[in-house]
1. Is there a residue being without any contact (Cβ under 8 Å) to a residue 12 or more places away in the chain, over 22 Å from the mean Cα position of the chain (by Cα) and not in a helix (DSSP H, G or I) anywhere in segment 69-77?
2. Residue 120 is checked against (1) touching a Lys or Arg at 6+ places or on another chain (Cβ under 7 Å); (2) open to solvent by 40 Å² or more (accessible area, probe 1.4 Å); (3) within 22 Å of residue 9 (Cα to Cα) and fails just one. What number does that condition carry?
3. Considering segment 177-205 alone, what residues qualify as being at pLDDT below 95 and either over 19 Å from residue 272 (Cα atoms) or open to solvent by less than 30 Å² (accessible area, probe 1.4 Å) (or both)?
4. Name the residues in segment 24-66 that are at pLDDT below 95 and either under 16 Å from residue 98 (Cα atoms) or small (Gly, Ala, Ser) (or both), would you?
5. Identify all residues within segment 261-283 that are open to solvent by 10 Å² or more (accessible area, probe 1.4 Å) and away from ligand 2 (no atom under 16 Å from the Cβ); write none if there are none.
6. Could you list all residues from segment 24-52 that are touching a strand residue (DSSP E or B) at 6+ places or on another chain (Cβ under 8 Å) and without any contact (Cβ under 8 Å) to a residue 60 or more places away in the chain?
7. Got a number for residues in segment 265-295 being polar (S, T, N, Q), in contact (Cβ under 8 Å) with a residue 24 or more places away in the chain, under 21 Å from residue 244 (Cβ atoms) and away from ligand 1 (no atom under 15 Å from the Cβ)?
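The values are calculated or read from the model by the stated rules, or taken from the named source; none is laboratory data. Bear in mind the structure is a predicted one, so any value in this text is a computation, not a measurement. We place every Cβ from the backbone using ideal geometry, glycine too, and count neighbours over all the protein chains shown. These area figures cover heavy atoms from the full protein model, side chains too; ligands, DNA and RNA do not enter into them. Shrake-Rupley method; radii C 1.70, N 1.55, O 1.52, S 1.80 Å.
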Amino acid sequence: MNILAVESSCDETAVAVVVDGRKVLVDKIASQVELHRIYGGVVPEIASRKHIEAIYGLADEALRDAAITRDQIDAVAVTYAPGLIGAVLVGVNFAKAAALTLGKPLIPVHHIRGHIAANYLAHPDLKPPFLCLVVSGGHTMIVDVKDYTEMEILGTTLDDAAGECFDKVARVLGMPYPGGAALDRAAKVGDENKYQLPRSKPGKNPYDMSFSGLKTASLNLIHHADQVGEELDIPSLCASFSSAVADILIPRMEQAIRQTGYQHVAVAGGVAANSRIRGDMENLCDSLGVNLYMPPLSLCGDNAAMIGAQGYYEYLAGNIAGMELNAYATKSILGEML
Ligand code: KG4
Ligand code: ZN
């Protein structure tokens, strides 16, 4: 089954063709990052306009590169939630028009389910059930993936997402948006024990997390150094910060793996590219003797191939939308309104 997949929830316009949820024929991304960089973050109105400009040409290019005709597309999958509402709407409207014109089913895909499904593209042997650590720019949670379309959230951040926190600290350190990757690079040559940063303690739910205390402490440390004219050891601050984020995530994953007894563990989302988190997850899964699945760096960030992968399984589960499909800025991974 050839699925034409569309993603436009933030600042990447993306179109892919995916076969049977597992094989990528083509994966096209038009990134707007350079454009938003001058503002230090995504400007929603600009993002929507750029998606409109890019999406038609990108879809044509995708079909040309995949060497398939429009008749060979069996369904159209699209991110319908969550994201910047204007941005998501562009993808949804494009996908509706494509499905209607081609006379093929329209499949709504939750963006975070897509991030999880990036692992199906990279690991043909991975099948639910498994436990997944989702770490993206807008979401941080531990998900019990019981089946391809059946999930339970075991714990979630109570405030900031991990990626958001990386980006804020990187921005104050003068790194260009989105700063997570630059902070990660700087951390590699730093001393993680140089700065003492707080790790939030588990609350009522041992799987819930909090990053706002770490973010505030990091920003205060940077501003204080600036005020008193103290030179910061930036690589060491980045290393100390990255290790604090990992120390919030990893023990909760350890407890969740032990509690659920799962033998398969995955990581998903843009922050899954983080070298510290990848390394710590490898060590944890090695020590527990469980299998770890992570997307390659190219599939960690936003892309349409992951939407095509999840779209296939949504289709098999009968999740087909009509032309009344709407876009949503927020919606839980379980499909509930927030
Ligand atoms: O999943 P994603 O593309 O967007 C959302 O769905 O929200 O994640 C983007 C986030 C950004 O915050 C970016 O800075 C972060 O992923 N990121 C990283 C790294 N690469 C990307 N954070 C830490 N280390 C990295 N290597
Ligand atoms: Zn994303």
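1. Within segment 69-77, one or more residues are without any contact (Cβ under 8 Å) to a residue 12 or more places away in the chain, over 22 Å from the mean Cα position of the chain (by Cα) and not in a helix (DSSP H, G or I).
2. (2)
3. Within segment 177-205, 200, 201, 202, 203, 204 meet the criteria.
4. Of everything in segment 24-66, those that are at pLDDT below 95 and either under 16 Å from residue 98 (Cα atoms) or small (Gly, Ala, Ser) (or both) turn out to be 40, 41.
5. 261, 262, 263, 264, 275, 276, 278, 279, 280, 282, 283 - these are the residues of segment 261-283 that are open to solvent by 10 Å² or more (accessible area, probe 1.4 Å) and away from ligand 2 (no atom under 16 Å from the Cβ).
6. The answer is 25, 26, 30, 31, 32, 50, 51.
7. The total comes to 0.
The rows are residues; the columns are (1) open to solvent by less than 40 Å² (accessible area, probe 1.4 Å); (2) part of a loop (DSSP other than H, G, I, E, B).
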residue	(1), (2)
4	yes, no
16	yes, no
21	yes, yes
26	yes, no
29	no, no
34	no, no
39	no, yes
